[in-house]
Number of protein chains: 2
Amino acid sequence: MTLAPFLDPSRALADLKELRALTENADGAQRLAFTPTWAKAREWLSEKMAELPVETHTDAAGNLWFTLPGDSEQSLIIGGHIDSVPNGGWLDGCLNVIAGVEIMRRIAAEYDNEPPVTVRLVDWADEEGARFGKSLFGSSAFSGNLDLEEARGLCDRNGISLPTAIAEYGIHFESVKDATRETKNAAAYLELHIEQGPVLLDLDLPLGVVLGTCGVERHAISFHGQAAHSGSTPMNRRKDAFLAAAKMAPEIYAITERHGGVCTIGSCHTEPGIVTSVVESCRLTLDQRHLSAPALAAMLAEAHAASERFAAEGNVTVTWERIWQIAPVPFHPQLIEFCDHAILETCGHSHRLPSGPLHDAAEVSRAGIPTVMMFVQSLHGISHNKIEDTREDHLLLCVQAFDALATQTMAWILAGKPEV
Amino acid sequence: MTLAPFLDPSRALADLKELRALTENADGAQRLAFTPTWAKAREWLSEKMAELPVETHTDAAGNLWFTLPGDSEQSLIIGGHIDSVPNGGWLDGCLNVIAGVEIMRRIAAEYDNEPPVTVRLVDWADEEGARFGKSLFGSSAFSGNLDLEEARGLCDRNGISLPTAIAEYGIHFESVKDATRETKNAAAYLELHIEQGPVLLDLDLPLGVVLGTCGVERHAISFHGQAAHSGSTPMNRRKDAFLAAAKMAPEIYAITERHGGVCTIGSCHTEPGIVTSVVESCRLTLDQRHLSAPALAAMLAEAHAASERFAAEGNVTVTWERIWQIAPVPFHPQLIEFCDHAILETCGHSHRLPSGPLHDAAEVSRAGIPTVMMFVQSLHGISHNKIEDTREDHLLLCVQAFDALATQTMAWILAGKPEV
């Protein structure tokens, strides 16, 4: 496909490099939310956007909005986050923002500053949650899902509370949910992101359509048996908590495979944990993910049943404790089709994949706004690391495909969002 | 079987209770070697033995010897250890010593202080090794197997070295191996001990013949894979160190079962050990035991092979590190027969079992002296704990059977130790 008139993906690439030089040190990106480097990045962004006839404001939760008013108040929102984890990659978050800048430029130029629908760019506040341990701050205030009680008590490692930290940036904690006002007239939401895994890399594809964000079930599983001397206790007398846990582990993975999800036993702790004693208690953590809520529920129920079975066989007991959970957020079927089409048009091959990690797009979707995400390949299959990278030709392709998606979505909004 | 003339097992029981009252507090027995309570216990023992016409001395390693000279210099040795672990049980160690006292009384009375062979009672110094982390101190000095280089550097938790601690009790560290002189004329060695496991309890038998002490292979097994995000890493891309270790564990136990040994995976440590990451490295400790050296070697080799197989299947690596090993020590076939016979005569049923834990008897046997042990049932199947206990009728039976064993062994020595 030839480039849309007025679009210049290489300009977005130059912008990315400019931001990188401004906010990165030898350890990686340092755009931690609610810090001076983050504020500097936002100032840089605002200067870029000042070249366009946009209305600019920060909402009650600190999300930064740029609005190019159109003939219709119905608005297409393009969103990302300029904040990064400490020592982060150069693309995670800001790629979407900067691609959005370029697409706003193209739309402004194409329609002589008067597009048929309103187009908005949002830089969400504190997507990463690296400082306070709670991600999606700004977008969950926007969606109304932010748990104020929980957020009020969060502190960073220096004991500074979240309300105190954001007050320094002009945000009044008790009013953050006023950001829900920004949902008015929101017709669709698009987000581009570097993939945080190796799926596209393994398939040798530049771009993919994200089907939604996976639901997560996170539990601690504790087996309890009896400590006994390793030399004097016959095998048939033992209540070995580790052995029961070890036997269960492959079955948990097999259950996951049957349902097409992912799961991880991330830690194993044994007590008393000495070479001369049978393990009395063994605690595993389990993280299960699936895009389908029924499949996730089945994975959990079957894992439960397996643990009970192996505990009974091993003459030990087992208890489960939920650490965290979140429901799957499937994206909008029509926008998924548009995204797939835009990718196919741009590079000839597409791929549909769920996102294991959460993104701001999940919160926007939970607010009832039709949403989709596009992923671009990550060279090492990783993010949240200074070696995070994407091939330059893929960066150019993703801006082009994302722009094509924006064009098709605008047309859909203009048509009253029909089922196509 | 009727009691041998002059033998009074109830006197041994009264002695046990007397020692218990003297050296136990609310947390259990406190006869830690090279401490005042241990010295008090030995003083009490010496007073008991002073009623008999015995020669008494402490050897170069602090082992306390009582010798009733006989017509022949060839000697029957009965041994035990009056030292206990801190907060230990009332029977572990001192049962053998006190049964020995009663048997010496019986022999002295029966032979009017002139038995046909010399009979010796030894209280080994620091069998438990609880203070310096090294068991069988006195008996390994006697056998010549004590590693002086290693022992010289041992310190307790207060930084006091073993040579300094034993000097307070008149033992010159550099001369401890002079204790090997005590092996002179040693014709046979007998030791009675409370079982430290539940084998006899499960069989509902009071007494058992110990076939020898198991060999031990103790290793750390480390699997190494790759840390990866639990949400964004597809299952087929993972190098999961925990999963490989978990799959191997049941196979290690199955190998043990095939060979009739025991094994224990006593600890499992995972890195980074967080709920959102695939395990990069997983370290297990493995303790394998068998009375047969070839069987133990086969268990180890097969476990090695299994670990390599599961590592390869899981796309991870595995390394082994030996923590400790000791060869099996089988006891003397003739004395095993005598012990079995004595038990059968005394209570109608016997049982042959290996000892997982080590005992002083293993060192005596390694010195080339025909050796056997007798076990008495432990009520809860445990030791090294203040709840350690044995039924009173079983305590009376064990003294009686052990005395019968001594009688038969003396006759065997007198006959020139023929193969029967």
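FYI, it's all coordinate maths here, none of it is from the lab. Because the structure is predicted, anything quoted here is derived from the model rather than measured. All Cβ positions, glycine included, derive from the backbone under ideal geometry; neighbour counts span all protein chains shown.
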Residue span A:L344 to A:S46: 0.36 nm per residue of separation minus Cα-Cα distance leaves a gain in nm of 104.0 nm
Residues B:M235, A:M373, B:M248, B:M104, sorted so that the one with the fewest Cβ neighbours within 10 Å comes first
B:M235, B:M104, B:M248, A:M373
Over the stretch A:215-326, what is the relative contact order in percent, taking alpha-carbon pairs closer than 8 angstrom and at least six residues apart?
46
Kindly write out, for the stretch B:50-55 in residue order, the coupling ³J(HN,Hα) from the Karplus curve 6.51 cos²θ - 1.76 cosθ + 1.60 (θ = phi - 60°), rounded to whole Hz, with x marking Gly and Pro.
5, 6, 10, x, 9, 8
I'd like the distance between the alpha-carbon centres of the stretch A:316-343 and the stretch B:296-319, rounded to an integer number of Å.
38
Separation between Cα centres of the stretch B:1-22 and the stretch B:138-202, rounded to whole Å:
27
Which distances, shortest first and in nm, link B:L3 to the matching position in the other copies, using label points set 7 Å out along Cα to C-beta?
10.9
Give me a comma-separated list of calculated 3J(HN,Hα) values for the stretch A:304-321, in order, Karplus coefficients 6.51, -1.76, 1.60 applied at θ = phi - 60°, integers in Hz, x for any Gly or Pro.
4, 4, 4, 5, 5, 5, 5, 5, 4, 4, x, 6, 10, 10, 9, 10, 10, 9
Distance in nm between pseudo-label sites at A:E168 and B:A220 (7 Å out along the Cβ direction from Cα)
4.2
As an exercise, use a Förster radius of 30 Å and the Cβ-Cβ distance of A:L203 and A:R181 to find the FRET efficiency, rounded to the nearest 0.05.
0.15
What lysines does B:K184 reach when the alpha-carbon gap must be under 17 Å and sequence neighbours fewer than 8 apart in one chain are set aside?
B:K417
Could you tell me whether the stretch B:215-326 comes out rounded, prolate or oblate from its Cα gyration tensor? Rule is a ≥ b ≥ c as square roots of the eigenvalues, rounded for a/c under 1.5, then prolate if a/b exceeds b/c, otherwise oblate.
prolate
Calculated diffusion of the stretch B:70-130, Stokes-Einstein form, Kirkwood radius summed over Cα pairs, 20 °C and 1.002 mPa s, µm²/s
171
Once you keep just the Cα pairs under 8 angstrom separated by 6 or more residues, what percentage relative contact order results for the stretch B:137-293?
23
What ranking do A:S161, A:S383, B:S277 get, fewest neighbouring Cβ atoms within 10 angstrom at the top?
A:S161, B:S277, A:S383
Using alpha-carbon positions, the gyration tensor of chain A gives root eigenvalues a ≥ b ≥ c; with a/c under 1.5 called rounded, otherwise prolate if a/b exceeds b/c, else oblate, the class is prolate
In whole Å, largest first, what are the principal axis extents of the Cα atoms in the protein assembly as shown?
126, 47, 40
One decimal, nm, nearest first: from B:A411 to the same residue in each other copy, label points 7 Å out along Cα→Cβ, the values are 11.0
Suppose each label sits 7 Å from its Cα in the direction of the beta carbon; what would the B:T56-A:I326 distance come out to in nanometres?
7.7
So which GluC sites (Glu not before Pro) in the stretch B:158-220 pass both tests, a DSSP loop state and at most 12 other Cβ atoms within 10 Å of the Cβ?
B:E168
Of all DSSP beta bridges in the stretch A:30-171, what percent run antiparallel (nearest 5)?
60
List the GluC sites (Glu not before Pro) in the stretch A:1-59 that DSSP assigns to loop (not H, G, I, E or B) and whose Cβ has at most 12 other Cβ atoms within 10 Å. Which are they?
A:E51
Which parts of the stretch A:319-337 would a label at A:A298 reach, counting a residue when its backbone N lies under 20 Å from a point 7 Å out along Cα-to-Cβ?
A:326-331
Rounded, prolate or oblate: pick one for the stretch B:96-226, where a ≥ b ≥ c are the square roots of the eigenvalues of its C-alpha gyration tensor, a/c under 1.5 means rounded, and failing that, prolate if a/b is larger than b/c, else oblate.
oblate
Would you mind ranking B:S292, B:S143 by Cβ crowding within 10 Å, fewest neighbours first?
B:S292, B:S143
Calculated [θ] (222 nm, deg cm²/dmol) that DSSP helices of n ≥ 4 give over chain A, each run adding -39,500 (n - 2.57):
-11500 deg cm²/dmol
Mean separation of Cα contacts under 8 Å (6+ apart) over length of chain A, as relative contact order %
22
Spatially proximal lysines relative to A:K239 (Cα-Cα < 17 Å; intrachain offsets below 8 disregarded)
A:K247
Could you pull the copy-to-copy label distances for B:E257, with points set 7 Å along Cα to Cβ, in nm to one decimal and sorted shortest first?
2.2
Label model pair A:A39, B:D393: point-to-point distance (7 angstrom along the Cα→beta-carbon line) in nm is 8.6
Determine, from the Cβ-Cβ distance of A:E337 and A:K386 and an R0 of 45 Å, the FRET efficiency 1/(1 + (r/R0)^6), rounded to the nearest 0.05.
0.80
